[in-house]
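To start, the structure under review is shown below, and the notes come after it.
No lab work stands behind these numbers, since they all come straight from the coordinates. Since we're looking at a predicted model, the values are computed, not measured. Neighbour counts run over all protein chains shown; Cβ positions are idealised from the backbone, glycine included.
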Amino acid sequence: GLRVPVEAASACAPCGLAYSRRVADGQGVRLCWNPEEQADLHPGPAEDPALAVLHLRRATGRSALLFSLGAHPVCLGKISRVVSADWPGAARNAIERHLPGCFAVFGLGACGDTHPWIATQDDPAALVPLGEAAGGLAAALAYAARPGDGLRCAQRTLHLGGGELDLAAWAVGGAIVLAAPVELFQSLSAELRRQIDRPVVLLSNANGWTGYWPAQADFAAGGYEVDAATAAGRRPGDGEALVAILVELAREVAAAA
């Protein structure tokens, strides 16, 4: 296909689109699927609010923006029969409206224990504020993104957590792009970012899907995601081991770039 030179630039900032759906109740956890309907629960903000972008810019013509944020795409639910890309699709529309000539691409960040603040309801109009929140910030970050030189990649396949994982990493545009076939809990992705001194564009459910990856502390509390992870062969500490390996891959490509 046609290849053209681009400048690659990246940026990252907090975006409070999501909440943590696991709410402690003194006897474990309850899952908050919809904050409006479950008024007795008081979920807090998600632990990893990072919205990261990688902007590929041509001197003239179109550009492309890869953006990543962790929140289940479940604004629509219940009895909704709308065929939709949910809030990521609305965010793409907002980005492309704010940045004419830009092709927006979404990568799902760590979403294992998060929902968007408007969740599991059946009104398509509710997609608009979520799309504007995420897409507007992504577009702003595209303007502010700082370029970086070099392109390096690495791949690793390993057996962990009851299955085989194909992991990949790239150093590009001053960012680290990480891909893994997991629904990572956000305490783990937040720890991942703390150990990498660059913007991290996290792509979960990539190269396959292996289900939920809770943090070690979450196993004691139990809950739907932990039950599913245990059934898949995951044990306490597997999530932390995965983070350590992803950090190794990130540092490998960063050192070579």
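Over the residues of the chain, the helix contribution to mean residue ellipticity at 222 nm works out to -9000 deg cm²/dmol, using -39500 (n - 2.57) for each DSSP H run of at least 4. Dividing the mean sequence gap of close Cα pairs (under 8 Å, 6+ apart) by how many residues the chain holds gives a relative contact order of 21 percent.
Distance between the pseudo-spin-label points of Leu41 and Val105 (7 Å out from Cα toward the beta carbon): 3.5 nm.
Fully extending the segment from Gln216 to Ala140 would add 23.8 nm, taking 0.36 nm per residue of separation and subtracting the current Cα-Cα distance.
Put a dot 7 Å past the Cα of Val82, heading toward its Cβ, do the same for Arg30, and the two dots end up 2.8 nm apart. Determine which residues of the stretch 159-199 fall in the zone a paramagnetic label at Glu240 would reach in this model, i.e. backbone nitrogen under 16 Å from the point 7 Å along Cα→Cβ. Residues 161, 185-195 qualify, since their backbone N sits under 16 Å from the label point.
When each full DSSP H helix of the chain is screened for a Cα extent of at least 27 Å along its own axis and an average Kyte-Doolittle hydropathy of at least -1.0, the helices passing are 238-256.
Ranked by the mean number of other Cβ atoms within 10 Å per residue, highest first, peptides 23-29, 210-216 order as 210-216, 23-29. With a ≥ b ≥ c taken as the square roots of the eigenvalues of the C-alpha gyration tensor of the stretch 52-193, please select rounded if a/c is under 1.5 and otherwise prolate if a/b is larger than b/c or oblate if it is not? Here the stretch 52-193 falls in the oblate category. Among Gly173, Gly70, Gly233, the largest mean-square fluctuation in a Gaussian network model of the chain, built with springs joining Cα atoms closer than 10 Å, belongs to Gly233.
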